[in-house]
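First comes the structure, then the notes that go with it.
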Amino acid sequence: MNGKAPRYWAVIPAAGGGARMGLNKAKQYLGLRGRAMLEWSVAPFLDSGWIDGVVLVLAKSDQDYAKLPIARHPKIVTTLGGAARAESVLSGLEVVADRTQGLEEVYVLLHDAARPCLDWADLARLRDESDDKHGGLLAVPVADTLKKGKQGKVSSTLDRSFIWRAQTPQLFRLDLLRAALRECEERNLEVTDEASAMERAGYKPRLVRGRESNLKVTYPEDLLLAEFWLAHAESQP
Ligand code: CTP
Ligand code: MG
C-alpha cells in the first residue's frame, strides 16, 4: 500500500439461508463456544484498530441479528441483501460508498459471515501484502494430488503447484470492485467470489497465504472443526 492515508471498511455478507446445513436456522446464527458464528466472524474487523466501519448485509427475513450483543455496536451498519451473494455484496458496497464520500482512497474487505475462525494476524497481513490496484485475497495451496476424471476414471494428474483455494477476506479498492461487480451483473456473469469479478475486469489479485483454519462452515460437520479452531486460536489483537 502507498504512503497516502487509505481508509478501510469491511463488508460481511450474511444474507444467506444456509441451505446446505439442512437446519431451519441460518448458519451464521448458530452458537459456537458461547457466541453466534456471526459474532466470531465480525470480531477481527471490529478489533483491528484500522478498519473504520463494518457493513453487515442481512436477509430481509432476518429475525436474529437484533438479538445479538453486537447489534448496537457503534462501528456496525446494517443493510439488506439480495438473492445472490454478489447482490448482497453490491448492496453492502453502496453503504460504504455512501459513508466514504469525498475520500480518495477507500479499500473494502469482503468476508463471509460463515468464516468464524479468521486469524487476526492474517487480516493484517492481507492489508500489508495486497496490491493497491489489483487487490488481494487469503488463499491456501492445495495439499492433495489432483486428478482429472472422466466417466469415473482418472484421465490425468494435474500439476497442483499453481492451484490455490480462495478464501475470504478479500481486499479491493472500493471503486474498482464496484465497477467490476456491476459489469458482471450487467453481463449476467456468475460471480463466486469478488476476486473473480476483478479477474474478469483484467486485474490480477495477489494470493496471500492464509491457513486451513479459516474454513467456511458449509455442512454440519464443519461446526466441529470450527469449534476446534476457535478453541486453539493462535493470535489475539
Ligand atoms: N450470502 C449472502 N447473500 C446471499 C447468499 C449468501 O449474503 N444471497 C452470504 C452468506 O450469508 C455467507 C456467504 O455469503 O456468509 C457465503 O455463502 P454460503 O457459504 O454459500 O452461505 P449460504 O448461501 O447461506 O449457504 P448455502 O449456499 O448452503 O445456502
Ligand atoms: Mg450459498
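Coordinate-derived values only; no laboratory data. Predicted model only: the values in this text are computed from it and were never measured. Don't worry about glycine lacking a Cβ; one is built from the backbone with ideal geometry, like all the others, and counts go over all protein chains shown.
Data for the structure
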item: Residue that is farthest from ligand 2 (Cβ to nearest atom), among those in segment 85-125 that are without any contact (Cβ under 8 Å) to a residue 60 or more places away in the chain and not in a helix (DSSP H, G or I); result: 102
item: Complete set of residues in segment 143-170 that are of a type in the set (A, V, I, L, M, F, W, C) and either more than 23 Å from residue 83 (Cα to Cα) or loosely packed, with under 10 Cβ neighbours inside 10 Å (or both); result: 143, 146, 154, 158, 162, 163, 164
item: Qualifying position, being without any contact (Cβ under 8 Å) to a residue 12 or more places away in the chain, away from ligand 2 (no atom under 16 Å from the Cβ) and of a type outside the set (Phe, Trp, Tyr), among 34, 53; result: 34
item: Residue in segment 1-23 that is without any contact (Cβ under 8 Å) to a residue 60 or more places away in the chain, crowded, with 18+ Cβ neighbours inside 10 Å and within 9 Å of ligand 1 (Cβ to nearest atom) present; result: no
item: Residue tally, condition within 19 Å of the chain's Cα centre (by Cα) and assigned to a loop (DSSP other than H, G, I, E, B), over segment 29-39; result: 1
item: Restricting segment 9-28 to residues that are assigned to a loop (DSSP other than H, G, I, E, B) and under 19 Å from residue 60 (Cβ atoms), the residue that is nearest to ligand 2 (Cβ to nearest atom); result: 16
item: Filter pass, residue 219 being farther than 12 Å from residue 116 by Cβ, within 16 Å of ligand 2 (Cβ to nearest atom) and aromatic (Phe, Trp, Tyr); result: yes
item: Test: residue in segment 33-48 that is more than 16 Å from residue 215 (Cα to Cα), in contact with a Gly (Cβ under 9 Å, 6 or more places away or on another chain) and exposed (fewer than 15 other Cβ atoms within 10 Å of the Cβ); result: no
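Each row is one residue, and each column tells you yes or no for (1) over 18 Å from the mean Cα position of the chain (by Cα); (2) closer than 14 Å to residue 213 by Cα.
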site	(1), (2)
122	no, yes
125	no, no
135	no, no
140	no, yes
145	yes, no
148	yes, no
152	yes, no
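Yes/no per residue for (1) in a helix (DSSP H, G or I); (2) within 16 Å of ligand 1 (Cβ to nearest atom):
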site	(1), (2)
167	no, yes
176	yes, no
179	yes, no
185	yes, yes
195	yes, yes
199	yes, no
202	no, no
214	no, yes
